[in-house]
């Protein structure tokens, strides 16, 4: 696997799209979290609430959760890179050439999934570094409170990357694959919002609390693991919202992730190169 990863690195290290998306992602992490920090400090912090609302999202008690949540919105960038890298293998026939050169189909798809895993790990490390920087900047005492959300971020990053591989091996054409990825992402978000509204109606009108049904969809499951830290305003809104069944959403995330991997491998091992 190490030698195969070396070959993959040779393919992408000088690739322009890789450099551009990587730079945008790294800058985006810092910028998105700074925006959250700035809005809280300069807008929310200046609202006169008579002492009812006192909340600092980047204190060490909140920084890991806040950073994971804010950065989660940028995970479409690594997924976009993976779609480009995988579909290029089909467009330029390098997938076929690798098989001719002695790679097995299993090795080929496995190394693509390993790249997806490595990108998810690097993304998670960046979140840890960013969370630590903002936490220390807050001047509060170091704490690992909420660090589990970094693990949730990793699962979301890996899920986004694996569904990108799944779409790539099924569609094979870069433009169509990218279009389908974003169309599906948007469509699932719309359906998720409708399901969440239905969940609130069920709870308020029927007294049935099934949780946020939108979080049970393939991509929204990993999204549902990442939430903004509890604060007074959020606590007031919770009374009207369905219960968060984290254990169920986590289980669904793992099931969907395994399904993405299985379907991707099955498709590539049986597809015509």
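No value in this document is a laboratory result; all are computed from the given coordinates. Quantities reported herein were computed from a predicted structural model and do not represent experimental measurements. Glycine gets a Cβ as well: all are built from the backbone with ideal geometry, and neighbour counts include every protein chain shown.
Numbers for the structure displayed
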{"quantity": "Max mean-square fluctuation residue, GNM over the chain, Cα-Cα springs under 10 Å, options 122, 167, 83", "calculated": "122"}
{"quantity": "Theoretical FRET efficiency, 1/(1+(r/R0)^6), r = Cβ-Cβ of residue 271 and residue 7, R0 22 Å, to 0.05", "calculated": "0.60"}
{"quantity": "Value of [θ]222 nm, deg cm²/dmol, for the chain, DSSP H segments ≥ 4, -39500 (n - 2.57) each, nearest 500", "calculated": "-24500 deg cm²/dmol"}
{"quantity": "Potential extension, residue 208-residue 188 segment - 0.36 nm per residue separation minus Cα distance", "calculated": "4.9 nm"}
{"quantity": "Chain lengthening between residue 173 and residue 258 when straightened (0.36 nm per residue, less Cα-Cα)", "calculated": "28.2 nm"}
{"quantity": "At R0 = 25 Å, FRET efficiency that the Cβ-Cβ distance of residue 31 and residue 243 yields, to 0.05", "calculated": "0.15"}
{"quantity": "Most fluctuating residue given options 64, 170, 247, as computed from a GNM of the chain linking Cα atoms under 10 Å", "calculated": "247"}
{"quantity": "Computed FRET value (nearest 0.05) for residue 55 with residue 180, which takes r as the C-beta separation and R₀ as 41 Å", "calculated": "0.55"}
{"quantity": "Gap separating the Cα centres of the range 168-226 and the range 1-32, nearest whole Å", "calculated": "28 Å"}
{"quantity": "Length added when fully stretched, residue 251-residue 40, from 0.36 nm per residue minus Cα-Cα", "calculated": "72.7 nm"}
{"quantity": "Choice from 59, 98, 88 showing the highest fluctuation, given a GNM over the chain with Cα pairs closer than 10 Å", "calculated": "98"}
{"quantity": "Euclidean distance between Cα centres, the range 62-99 to the range 239-271, Å", "calculated": "18 Å"}
{"quantity": "Those residues of the range 4-33 whose amide nitrogen sits under 14 Å from the label point placed on residue 121, 7 Å along Cα→Cβ", "calculated": "5-6"}
